[in-house]
Amino acid sequence: MNVKSLTAVNRPTARPATDHQLLIQAVAPARESPLLVLSRRIADAGCNLVESRVATVGADVSVLLLAKGAWDAIAKLETALGRIGRAENLHLLSYRTQTSDQPSRLLPYMIEVIAADKTGVLVELIDFFNRRKISIEQMSSMRYQAMQTGAEMFQAQITVGIPADTRIAELRDEFMELCDGLNLDAIMDPVKF
């Protein structure tokens with residue numbers, strides 16, 4: 001056996017050139033949204049924007065971006081973010097992350113809840129899914145005033161990933177029982193693409 005073949009066998013496998021990811025979160029006043037600046041920096045660094053979430057919360061905007069690229073492109077992006085992060089009204093956080101290891105057998109379901117506003121409703125919903133090892137993939141909630149009556153209302157939309165071996169009918173019955181106990185109007189339907 002020659003030395004070349006030993007070296008090739010013992011060499012660690014390299015990650016693909018575009019296997020590096022950087023998660024970026026920025027919060028700023030809504031009138032100074034960092035979305036365009038961050039998107040440009042991602043492209044200028046030679047990275048791709050893989051996922052994005054933008055939400056206006058109160059008077060601020062929250063931007064969550066996932067960039068993917070070669071290690072040197074990610075390093076270039078990190079340097080650019082360091083300069084952008086010095087802006088007075090911008091709160092910026094970034095770190096390297098890995099590709100999702102989620103089980104591929106999760107069934108996506110959308111939960112919609114509307115009710116009279118009361119403290120702790122969202123905590124009860126989160127706890128329900130957490131106790132059953134059901135992942136919350138996306139969630140948005142808000143409080144508002146009903147147009148007709150002026151009552152304070154609560155609304156939530158939650159996308160969950162339900163393990164494929166879960167008995168959906170039983171889960172739905174348990175969820176509806178919880179909602180009845182909390183006096184919530186709710187639906188639980190599969191996500192249709």
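Can you give the extra length, in nm with one decimal, that the chain gains between R31 and N130 once fully stretched, where that is 0.36 nm per residue apart less the Cα-Cα distance? Mind showing how you got there, number by number?
Working: separation 99, 0.36 × 99 = 35.64 nm, distance 3.59 nm.
Separation in residues times 0.36 nm, less the Cα-Cα distance, equals 32.0 nm.
Dividing the helix sum by the residues of the chain, where each DSSP H run of 4 or more adds -39500 (n - 2.57), gives a mean residue ellipticity at 222 nm of -9000 deg cm²/dmol.
Order of 49-62, 141-154 by packing, highest average Cβ count within 10 Å first? Don't jump to the answer; show the numbers that get you there.
Working: 49-62: 13.0, 141-154: 11.0.
For the peptides 49-62, 141-154, the packing ranking is 49-62, 141-154.
Which of H91, A70, V37 sits closest to the plus end of the dipole of the chain, meaning its Cα is farthest towards the positive end, when Lys and Arg get +1 and Asp and Glu get -1 on the C-beta? Among H91, A70, V37, the one farthest towards the positive end of the dipole of the chain is A70. The Cα-based radius of gyration and maximum Cα-Cα distance (Dmax) for the chain are 22.3, 85 Å. Label sites at S39 and S141, each approximated as a point 7 angstrom past Cα along Cα to Cβ, lie 3.0 nm apart. Dipole orientation for the chain: of the candidates A59, L182, M110, A59 has the Cα lying most toward the positive pole (charges on Cβ; Lys, Arg +1; Asp, Glu -1).
Computed over the range 106-190, the P(r) curve from all C-alpha pair distances, binned at 10 Å from the origin, holds 17, 52, 24, 6, 0 percent per bin.
With N set to the residue count of the range 17-97, report its C-alpha Rg divided by 2.2 N^0.38 Å to two decimal places. Walk me through the numbers before you get to the answer.
On the way: Rg = 12.0 Å, N = 81, 2.2 N^0.38 = 11.7 Å.
Dividing the Cα Rg of the range 17-97 by 2.2 N^0.38 Å gives 1.03.
Taking a span of 18 Å or more along the helix axis (Cα atoms) and a mean Kyte-Doolittle hydropathy of at least -0.5 as the rule, the DSSP H helices of the chain that qualify are 71-84, 168-182.
Among residues other than A87 with Cβ under 15 Å from its Cβ, the summed charge is +2 (Lys and Arg +1, Asp and Glu -1).
Every read-out reported here was derived from the displayed coordinates using simple, explicitly stated rules and does not represent laboratory data. Since the structure is predicted, the reported quantities are computational estimates derived from the model, not experimental observations. Note that each Cβ is placed from the backbone with ideal geometry, even for glycine, and that neighbours are counted across all protein chains shown.
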